[in-house]
Structures are given as C-alpha cells and as structure tokens.
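The values are calculated or read from the model by the stated rules, or taken from the named source; none is laboratory data. Here the structure is a predicted model, which is why all the values come from computation and not from measurement. A quick note on method: Cβ atoms are made from the backbone with ideal geometry, for glycine too, and the neighbour counts reach across all protein chains shown.
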Amino acid sequence: MIVIMKIYHQNVYVFTCISALLYALSLIFIDTLWFCAALFIVPLYVLWLQKSPQLSYKVGFLWGFVTYSLQTSALLLFMYERSVSFYGFIVPFVTLFCMSCSSAVWFFMMKTLYKVSLKIRIMLMVGCTILFFMWMRSGVLCCLVGSLRGYPFSFPLIPFFYKSICIQNCVWNMGGYLTLVMLLFFQLLVAVKKYKICAVLLVVLGGSEFYSVQHQKKEQSLVYCIAIPEVLAAGPYERAVQITELIIDAQFNYPKVHIFVLPESIFPFYEDDEHRLLLRMIADACCTENYILCGIYRIVQGKRFNSSLVIYKGQIIYCYDKKLLVPFFEYVPPYWGDMLFAINGVAFSSGGSELKEEWDLGPYGKVWPQICAELFWSDAQVSAKVIGFVNDSHFSCTYFPKIMRAYAYLKAAELKQCLVYSSYTKK
C-alpha cells in the first residue's frame, strides 16, 4: 500500500478511493479482510498532512458514496427482494445520499484546519473524525425517519469484535469512542512512518489481551440458543411440531441447561388458537423446570405486535412487545404518506409500557429482552443479562448477518453485561 501511495502521491481521488475501499472491504469480507479497518484512515492522513491538500466536499462525497454504496448493498438487495412497492427502492438511495453528504461535511471540516499548527491540526483531525463516526452511528438517518437514528453497522470497531481482538482492552467510556481514538492514533503513526512505535503498541496491546483472556473467569452457561434448520415449515401446525422437536433435541443434548432461546419471529402467526397449539405441544414435550424464550407475532385490539415471550410449565409467564421498530421494514414514518414498504405489506405497532421489560427467571436471575433493532439502536442502560432476539434470515447477502453478530458483541462490551444472541444464521 505504501508503494501505491508513492506512485499516486498527487492524485487525491486515488487516495480517497483506496481509503473507501479498505473501509468497505473490512466489513463486507469481515472473515478475511477485517484488518483493513486498522488501515483505512491512513491514506486520508497522508492527504490531510500535505502542505497543499486538494480536499473538498466533492472528494468527501465521493468517499462516502464509494464506501457506503458497498456497505449498504445488502439493504439494497433486501429491498429489491422484499419490497411490496416500487417506491421502496427510494429508501436505500436516500440513505446513501444522506451518508455521502455527511462524509462531504467531514472532509470540508478537515479542509478548514490548515491554518493552524501541525500538532493542533492533528488533534482537531482526530476530533472531527470521532464526531463524524458518532454522527454516523447515532444520527445520520434522522432526516429519513424523523427521529435520532444512525447506521450502527459501519462502526470501525466492528471487524475487531468479529475476530474477538482487543475486546478485553476496550475502554467503553463514551460508548467505546476512546478505543476508536486509540485506533485513529495508531493509523496516524503508520501514516507518518513511525513503525517502531506501532510495533511496540501492538506488542503491548496483544500481550495485555492475552493476559486478560487467560485470567478471565469461566462461567458455565445456563442458556442455549437452539440451532434453527435452513428450511422452516410454513403452516402453524407444522411449525409448532418443528419447534417442539427442536426443543426436545436441545433438552436431550444439553440436560444441564434450563433456558432455551429461539430467535425473533420463529412462530410468525397471530391468532390465539395458533398460540395455544404451540403452548400445548411445548407443555407436553418440555421438562417442567425449563424456560422457553421465543419470538412470536400477536394481535391485541386489532394491533399487530412483534413480540417475545417466556413459556414455563406450558404457560406464558412473560410477554414483551417490540418498541423500537425498523423504519420502512416494520412501520412507515408518518410523513412518507401511504407508501407502504413494510415486509409482506404488514406494518407493526410499537409496544407500550404496560408489559414488563425485565423478566425474572427464578433461580437463574433476571434477563432483559431486546428484539433486533432494540439491541442495535437502543441506548438504554440495563442491569440484567440481555437476551437478543434477532431475525437475520431476511438477508441473502451472507456478510450482513456477520456484521450484526459482531455489533452485538460490541454492545455486550458497551453494556458490560452478558448477552445471549439468538438468530437464524449459524456462526
């Protein structure tokens, strides 16, 4: 990469595209190219530290367009496959435009820093970069959905969590942004060719990571996420039989486990008769001391809810309705009119506060249910173990479920809680 930089030292567009591609590839090919996340800012540092930089908001827009068009390709394909309206294709392009404009503002801010001294400029560059990623993670979609929402699946630390690298060392003050500062300064050292300092930093971080993992307390898990087959039965009776068989197999293979978790919308049927059928089958098949946690759909007073529940001794003892819905997939923001983008043409209602947000599972302690988007977008601080119900079967692109899982690891470190992640995609 250094050789390429020397050849194209005056070409700002080449540097910009190299940076954008490194950033995008670290997420799309997260299994093999995850390390690119430790290098993607280096080409930009080389540009920003030049005496006569050629940066502009146009270059920033190009950076955002290249990297986020690749990163959000899974969402574009999802809308192509699932949208019930032609207007559904507008959403990914508007999202991409908002992201590209945000990166254009980021580059424009960088261009205004060249009148200050080099040391102050470096500090301001890192600060502006942190603000940019904070905005992307927490607020970039606000114009699209009418509330403060971001796109968390492009956070630069995600590839490291997928590979379980530096998780123990992460300083989760300010939502992990102090750790991001360390990553940015590391890339700055690479850009100014301070390779010896970089090597020392890597040895220190790697050694402390090894030490912390070796001394980490090992706890026996009481929770098991039931593996879901690739093909699920279509009808309610057939699906109930299949779920019951999965639970029976899990109980046989893990006799010491007493909490079994199935993912979001594992039983996507609304009627009470269908729910009673599932409960009756589970009651006949399950050990009376076991808790079954699963995702389900239900109707209350004509409103449809994406819910999760706890089954114990054949009875529903807790139920929770999803509150933080996915815009355009589960509901349509009000000012978008009658254009319905929801999956299968069905829009859900947001859950109220009348249901308990914390489940007491007796001798196994309390857990906090989070259904898909709530796990990724919610900023709530929890005081109990987190159960994440996720449906990642919608995406035909195999890389996006991996990013979702890696971000769940990041959230667990951020919340400082044990997190059980139940999804359809096997790791």
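Conditions tested, residue by residue: (1) at pLDDT 80 or above; (2) in a helix (DSSP H, G or I).
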residue: 278; (1), (2): yes, yes
residue: 283; (1), (2): no, yes
residue: 304; (1), (2): yes, no
residue: 307; (1), (2): yes, no
residue: 319; (1), (2): yes, no
Legend entry - Qualifying helices (runs of 4 or more DSSP H) (wholly inside the range 38-103; at least 2 residues being surrounded by fewer than 21 Cβ atoms within 10 Å (Cβ to Cβ), out of contact with any Asp or Glu (no Cβ under 6 Å at 6 or more places or on another chain) and at pLDDT 85 or above): 57-71
Legend entry - Residues located in the range 331-350, provided they are modelled with pLDDT under 80, under 20 Å from residue 321 (Cβ atoms) and assigned to a loop (DSSP other than H, G, I, E, B): 332, 333, 342, 346, 347
Inset, instruction - Tell me, yes or no, whether the range 289-296 has at least one residue that is assigned to a strand (DSSP E or B), at pLDDT below 85 and either in the same structural domain as residue 183 (by TED's automatic domain parsing) or in contact with a strand residue (DSSP E or B) (Cβ under 6 Å, 6 or more places away or on another chain) (or both). - result: no
Inset, instruction - Can you confirm whether the range 28-40 contains a residue that is closer than 12 Å to residue 107 by Cα and assigned by TED's automatic domain parsing to the domain that holds residue 106? - result: no
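Out of the residues in the range 132-154 that are among the aliphatic types (A, V, I, L, M) and surrounded by 14 or more Cβ atoms within 10 Å (Cβ to Cβ), which is modelled with the highest pLDDT?
For the range 132-154, the residue satisfying everything is 136.
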Legend entry - Test: residue 397 is within 20 Å of residue 78 (Cα to Cα), assigned by TED's automatic domain parsing to the domain that holds residue 288 and in contact with a strand residue (DSSP E or B) (Cβ under 7 Å, 6 or more places away or on another chain): no
Inset, instruction - Inspect the range 386-396 for any residue being within 25 Å of residue 310 (Cβ to Cβ), over 14 Å from the mean Cα position of the chain (by Cα) and at pLDDT 85 or above and give the result as yes or no. - result: yes
Inset, instruction - Take the residues in the range 91-130 that are more than 22 Å from the chain's Cα centre (by Cα) and aromatic (Phe, Trp, Tyr), then tell me which one is nearest to residue 17 (Cα to Cα). - result: 107
Inset, instruction - Quick one: in the range 370-392, of everything that is part of a helix (DSSP H, G or I) and of a type in the set (A, V, I, L, M), which residue is surrounded by the most Cβ atoms within 10 Å (Cβ to Cβ)? - result: 375
Inset, instruction - Can you give me the number of residues within the range 230-274 that are buried (at least 17 other Cβ atoms within 10 Å of the Cβ) and in contact (Cβ under 8 Å) with a residue 40 or more places away in the chain? - result: 12
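Residues in the range 278-294 that are farther than 13 Å from residue 260 by Cβ and surrounded by 22 or more Cβ atoms within 10 Å (Cβ to Cβ): how many?
Taking the range 278-294 as the starting set, the residues that turn out to be farther than 13 Å from residue 260 by Cβ are 278-281, 283-284, 288.
Still in the list and also surrounded by 22 or more Cβ atoms within 10 Å (Cβ to Cβ): 278.
Counting residues in the range 278-294 that are farther than 13 Å from residue 260 by Cβ and surrounded by 22 or more Cβ atoms within 10 Å (Cβ to Cβ) gives 1.
Being of a type in the set (Phe, Trp, Tyr), at pLDDT 80 or above and farther than 15 Å from residue 260 by Cα: is that true of residue 364 here?
Values: of a type in the set (Phe, Trp, Tyr): yes; at pLDDT 80 or above: yes; farther than 15 Å from residue 260 by Cα: no.
No: the conditions fail for residue 364.
Among the residues of the range 109-122, are any outside the structural domain of residue 377 (by TED's automatic domain parsing), in contact with a Pro (Cβ under 9 Å, 6 or more places away or on another chain) and within 21 Å of residue 327 (Cβ to Cβ)? Lay out the reasoning, then the answer.
Keep residues of the range 109-122 that are outside the structural domain of residue 377 (by TED's automatic domain parsing), which gives 109-122.
Now narrow it down to the ones that are in contact with a Pro (Cβ under 9 Å, 6 or more places away or on another chain): 110-111, 114.
Still in the running and within 21 Å of residue 327 (Cβ to Cβ): none.
No, the range 109-122 has no match at all.
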